[in-house]
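Below you'll find the structure, written out as structure tokens, and then a few comments.
The values are calculated or read from the model by the stated rules, or taken from the named source; none is laboratory data. Since the structure is predicted, the reported quantities are computational estimates derived from the model, not experimental observations. FYI the Cβ positions are ideal-geometry reconstructions off the backbone, even for glycines, and counts take in every protein chain you see.
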Amino acid sequence: MKPSAHGPVRRPKPPTGWKRSLARLPIHMYRIGLGPLFGKRLMLLIHTGRFSGVTRKVILEVVEHDPRAGSWTVASGFGTRAQWYRNLRRTPQATIQFGRRYHAVTAHFLPAEEGARTMARYAEAHPRTAQRLCAFMGLPSDGTPEGFRRAGEQIPFVRLEPSPAFRSAAQSGRH
């Protein structure tokens, strides 16, 4: 638990039981080809379990997408304890499905300052969702840009960038 200026941050626990099944429903929708229904807000992350080596899948909200760089930024709403986050720490190479397309990516973990800027931009584009995210994570935010920046310093952000093989294929026009 990271302390903040307003006391310790209490991270929510991942869902269990029927709530977990409901949260994983979009994975099945991607599997049957309905991923594009989620537009540009959600993606499927396909990564490797850190101990088992087994392929794991999770749906994540896209905080930012930079089509020119081919990168996606996501936040860990469950903090650094989230399994997908811990798995990417061990093996940063992964695959994402965004819409109907698959992309080989490498995870880069953003420093707190960059997370603060990312959260401020996200809050500007999606103020109500940003406020709900802060409340869900137990982070104080007064709804101001500075409040969102302070909250963003506490949120683990990950930028998923094209893997070198993907980048070279895209530059040569083969992708």
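Figure legend. Inter-residue proximity from segment 74-92: first residues without any contact (Cβ under 8 Å) to a residue 24 or more places away in the chain, second residues assigned to a loop (DSSP other than H, G, I, E, B) and not charged (D, E, K, R), beta-carbon distance below 7 Å, spacing 6+ or different chains. No pairs are indicated.
Each row is one residue, and each column tells you yes or no for (1) exposed (fewer than 15 other Cβ atoms within 10 Å of the Cβ); (2) more than 24 Å from K13 (Cβ to Cβ); (3) under 11 Å from the mean Cα position of the chain (by Cα).
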position	(1), (2), (3)
R31	yes, yes, no
L45	no, no, yes
V58	no, no, yes
P67	yes, yes, no
R81	yes, no, no
F98	no, yes, no
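Any residue in segment 45-57 that is outside any strand (DSSP E or B) and aromatic (F, W, Y)? So far as segment 45-57 goes, yes, one or more of its residues are outside any strand (DSSP E or B) and aromatic (F, W, Y). Listed by first and then second residue, the pairs with beta-carbon distance under 7 Å, at least 6 apart or on different chains, first residue in segment 13-29 and without any contact (Cβ under 8 Å) to a residue 60 or more places away in the chain, second of a type outside the set (K, R) and not in a helix (DSSP H, G or I), are A23/P15; P26/L42; P26/I59; I27/L44; I27/I59. With respect to the conditions (1) over 20 Å from K40 (Cβ atoms); (2) surrounded by 15 or more Cβ atoms within 10 Å (Cβ to Cβ); (3) modelled with pLDDT under 95, G115 lacks only one, and its number is (3). When segment 17-51 is limited to residues that are of a type in the set (K, R) and closer than 15 Å to A82 by Cα, the one that is modelled with the lowest pLDDT turns out to be R20. Residues that are closer than 22 Å to P14 by Cβ, free of Cβ contacts under 8 Å to residues at least 12 places away in the same chain and among the β-branched types (V, I, T) do occur in segment 110-131.
If only residues of segment 86-112 that are out of contact with any strand residue (DSSP E or B) (no Cβ under 6 Å at 6 or more places or on another chain) and of a type in the set (G, A, S) are counted, the one that is modelled with the lowest pLDDT is G99. Scanning segment 30-44 for residues that are touching a residue at least 24 places away in the same chain (Cβ under 8 Å) and assigned to a strand (DSSP E or B) returns M43, L44. Only residues in segment 54-70 that are within 21 Å of G152 (Cβ to Cβ) count as the first member; pair them with residues that are modelled with pLDDT under 95 and surrounded by fewer than 17 Cβ atoms within 10 Å (Cβ to Cβ), Cβ under 7 angstrom, at least 6 apart or cross-chain, and list the lot. Qualifying pairs under 7 Å: E61/R41; V62/K40; V62/R41; H65/K40. Given the condition of a type in the set (D, E) and within 13 Å of M43 (Cα to Cα), answer yes or no: does some residue in segment 60-80 qualify? Yes: one or more hits.
Matching residues to (1) farther than 30 Å from E146 by Cβ; (2) out of contact with any Gly (no Cβ under 6 Å at 6 or more places or on another chain); (3) not basic (K, R):
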{"residue": "W18", "(1), (2), (3)": "yes, yes, yes"}
{"residue": "A23", "(1), (2), (3)": "yes, yes, yes"}
{"residue": "G33", "(1), (2), (3)": "yes, yes, yes"}
{"residue": "E61", "(1), (2), (3)": "no, yes, yes"}
{"residue": "R68", "(1), (2), (3)": "no, yes, no"}
{"residue": "Q83", "(1), (2), (3)": "yes, yes, yes"}
{"residue": "T91", "(1), (2), (3)": "yes, yes, yes"}
{"residue": "V105", "(1), (2), (3)": "yes, yes, yes"}
{"residue": "F109", "(1), (2), (3)": "no, yes, yes"}
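Restricting the first member to segment 137-148 and to residues that are without any contact (Cβ under 8 Å) to a residue 60 or more places away in the chain, and the second to residues that are part of a helix (DSSP H, G or I) and aromatic (F, W, Y), the beta-carbon pairs closer than 6 Å and six or more apart or on different chains are S141/F148.
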